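K.L.:
There's a structure below that I have some questions on.
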Amino acid sequence: MILSQKLSIETSFHDCIPSDIHHSYCHPNISVAQSTFIQHQKALICNQFICQNELLFYYKDDFTRTRTRTSIQIGKNIHLEAGNIGSNMNHSCEPNSYVRTYFNAKIKKGAVAVFAMRDIFQSEEITFDYGTTETDLTQEIQKTSCLCGNRKCRNKIHSFPELPVEIQLEYLKKNYLADHIVKEYLFKPLKSL
């Protein structure tokens, strides 16, 4: 099954998730294995070619207000532990996937959907830039050097407010930012004088 859908600002999160997926989904060409660039760390690894814009991973569960090393921020002070699969997604300063987020405060449920930014080849690690979802990082991650080793590596993992402005604007232009980041930082209403 090929699940491919590029989200736009106008596209509903739910419009991009096939109706037969209710709780979780992992692309059949992905498995959890040893990270290709972080020693003693698990990662999501591509086992066979995956096309740009394909849905890589989806997970829905109760959200929490607690930030952890493996949680993904899905709203202001709202986080989701994305299960055994999603908790193994590592950061990269030059990622090959982006994360879309959703939460419903009334029922305390949240969801993440991860899509391929570009074609992903066999043996590549599936990564995203933590700055596209996080407004703050845990102390542990703040103290950790980035180990992605990409040519654009910033040597540090950044939350969105810490990202260089040109990277923030590039992610906005390409629609790679989580909705709560866009709402909180980029579309604030102007105060009247």
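The values are calculated or read from the model by the stated rules, or taken from the named source; none is laboratory data. Please read these numbers as outputs of a predicted model, since none were measured by experiment. Neighbour counts are summed over all protein chains in view; Cβ atoms, including those assigned to glycine, are modelled from backbone coordinates with ideal geometry. Accessible surface is based on the protein model in full, side chains and every heavy atom, while ligands, DNA and RNA are left aside. Shrake-Rupley method; radii C 1.70, N 1.55, O 1.52, S 1.80 Å.
K.L.:
In square angstrom, what is the accessible area per residue of the stretch 32-182 with a 1.4 angstrom probe?
P.N.:
Normalised by residue count, the accessible surface of the stretch 32-182 is 46 Å².
K.L.:
Within the stretch 45-172, how many Lys pairs sit with Cα atoms under 22 Å apart, leaving out pairs fewer than 8 places apart on the same chain?
P.N.:
The result is 9.
K.L.:
Let me ask you something else. Roughly speaking, to the nearest percent, how much of the stretch 80-186's 1.4 Å accessible area is carbon and sulfur?
P.N.:
About 51 percent, which is the carbon plus sulfur part of the accessible surface.
K.L.:
Further, regarding this structure: Taking the convex hull of the alpha carbon atoms in the stretch 95-193, what volume per residue do you get, in Å³?
P.N.:
Taking only Cα atoms, the stretch 95-193 has a hull volume of 152 Å³ per residue.
K.L.:
How many angstrom lie between the C-alpha centres of the stretch 87-123 and the stretch 26-82?
P.N.:
What the calculation gives is 6 Å, centre to centre.
K.L.:
In nm, give the distance between the simple-model label positions of Ala33 and Arg65, each being 7 Å from the Cα along the Cα-to-Cβ direction.
P.N.:
4.2 nm
K.L.:
Could you compute Rg(Cα) / (2.2 N^0.38 Å) for the stretch 36-113, with N its residue count?
P.N.:
It is 1.16.
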